[in-house]
Amino acid sequence: MQQRVGRLRMADGTEVAYASVGAGRPLLYVDGWLSHLQLSWEHPEERAFYESLADGCRLVRYDRVGCGLSGSSTRRPSLAFELEQLAAVAAALGPEPFDLMGTSMGSLVAVAWAAAHPETTRRLVLYVGWAVGADVSPPSAREHVLGLVESHWGLGADVLTDIFAPDADPSARREFGRYQRASSSASTARALLALSYELDVRDLLAQVRAPTLVVHRAQDRAAPVEQAAALAEGIPGAQLVVLPGRSHLPYAGDAHAVVAPIRRFLGLHARPRAPRTLTPRQAQVAGLVSEGCTNREIATRLGIDERSAEGHVERIRVRLGFRTRAQIAAWYVSRHDELGR
């Protein structure tokens, strides 16, 4: 699939970047806290997640103002401003109703939109969202994180990475930390994070008329599962699916388990798990892992830097669903034996 990036201007002249992939009925995706359309598409696991959603529909994402490829604004983040940005992107989709999906903070924005614009929302999906931002974590913890983000964006990003992706290995955590820092400035990140704690959509839940699916991971450290239950209980007829795991990021961990119920709910055909295949370069790296090479030795053999070698090994591990280098080595040897027969 190829991502197509476009830009539009809001009434006040602020530029919003959006991207679409796939074809068919639109699925408008409201991301959490920070995003970067280009970097997310270059990240193998995140791209695979979006491609899984877009098979059979047109997935449309956008960077909120101050993030990624979108322009900046002097306006303070607010729910009203969030809805203005969503409205601008929705207008570009045409007059027909669309499916709407919100993740993390984006779930609250999606709830507010669906409550105010029932005629536009065909179906609503909420992933790891919450009803009351103030109930996500204790006040002392919130102030500590906000202070870190504002005063030391690098350290703040690392702390949030530990919360959002606790099962990721050191390489993946460093990569996600860099992704966050590249997505916005410290001041914007702090303001948007503060907004996520301020939002409260309890009074809007009963006004949602679209069929709704609430998906949550049971041990999510960023959003207690009780908040998912509050969303499902407050929205008439909503379905609640609680999955095992503690990663807040939908593409981390068992992404297929996240995608499958969403696709069923949206009426899309079941999408089989991706086959366990590697790119030629990844196969080469896997072969060196099977020989017992370290990342430094792989880098020397292939003429690349050690960080690149580390990144290749991590992507292989995630792509194959493994946790250790030993599993990669065993898989490569078994495949080599099969092909040699």
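The values are calculated or read from the model by the stated rules, or taken from the named source; none is laboratory data. If you're wondering where the values come from, they're calculated on a predicted model, not measured in any experiment. Ideal geometry is used to build each Cβ from the backbone, glycine not excepted, and the neighbour counts take in all protein chains shown.
Which residues, taken from segment 199-243, are of a type in the set (K, R), farther than 26 Å from E119 by Cβ and touching a strand residue (DSSP E or B) at 6+ places or on another chain (Cβ under 7 Å)? Listed by number, the list holds a single entry, R217.
Conditions (1) closer than 23 Å to Q227 by Cα; (2) hydrophobic (A, V, I, L, M, F, W, C); (3) modelled with pLDDT under 95, marked per residue:
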site: V109; (1), (2), (3): yes, yes, no
site: A112; (1), (2), (3): yes, yes, no
site: T121; (1), (2), (3): yes, no, no
site: V125; (1), (2), (3): yes, yes, no
site: A131; (1), (2), (3): yes, yes, no
site: S140; (1), (2), (3): yes, no, yes
site: V145; (1), (2), (3): yes, yes, yes
site: G156; (1), (2), (3): no, no, yes
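Taking the numbered list (1) touching a residue at least 24 places away in the same chain (Cβ under 8 Å); (2) surrounded by fewer than 22 Cβ atoms within 10 Å (Cβ to Cβ); (3) not β-branched (V, I, T) in turn, L27 passes all entries but (2).
What residue, of L93, L160, is out of contact with any Leu (no Cβ under 6 Å at 6 or more places or on another chain) and either among the basic types (K, R) or within 28 Å of S185 (Cβ to Cβ) (or both)?
L160
When you look at R301, is it at pLDDT 90 or above, surrounded by fewer than 20 Cβ atoms within 10 Å (Cβ to Cβ) and closer than 25 Å to R317 by Cα, yes or no? Considered against the rule, which asks whether it is at pLDDT 90 or above, surrounded by fewer than 20 Cβ atoms within 10 Å (Cβ to Cβ) and closer than 25 Å to R317 by Cα, R301 comes out as yes. Beta carbons closer than 7 Å, at least 6 apart along the sequence or on distinct chains, pair a first residue in segment 290-303 that is within 14 Å of V333 (Cα to Cα) with a second that is surrounded by 13 or more Cβ atoms within 10 Å (Cβ to Cβ) for S290/A329; S290/Y332; S290/V333.
Looking at G129, G147, G154, just one residue is in contact (Cβ under 8 Å) with a residue 40 or more places away in the chain and outside the structural domain of N295 (by TED's automatic domain parsing), and that residue is G129.
Would you check if there is a residue in segment 237-249 being among the hydroxyl-bearing types (S, T, Y), assigned by TED's automatic domain parsing to the domain that holds A131, within 19 Å of V125 (Cβ to Cβ) and in a loop (DSSP other than H, G, I, E, B)? Checking segment 237-249: at least one residue is among the hydroxyl-bearing types (S, T, Y), assigned by TED's automatic domain parsing to the domain that holds A131, within 19 Å of V125 (Cβ to Cβ) and in a loop (DSSP other than H, G, I, E, B). Here the helices (runs of 4 or more DSSP H) wholly within segment 116-227 that include at least 3 residues being surrounded by 15 or more Cβ atoms within 10 Å (Cβ to Cβ) are 139-151, 153-164, 170-183, 186-198. For the criterion of being within 19 Å of the chain's Cα centre (by Cα) and among the hydrophobic types (A, V, I, L, M, F, W, C), A54 passes.
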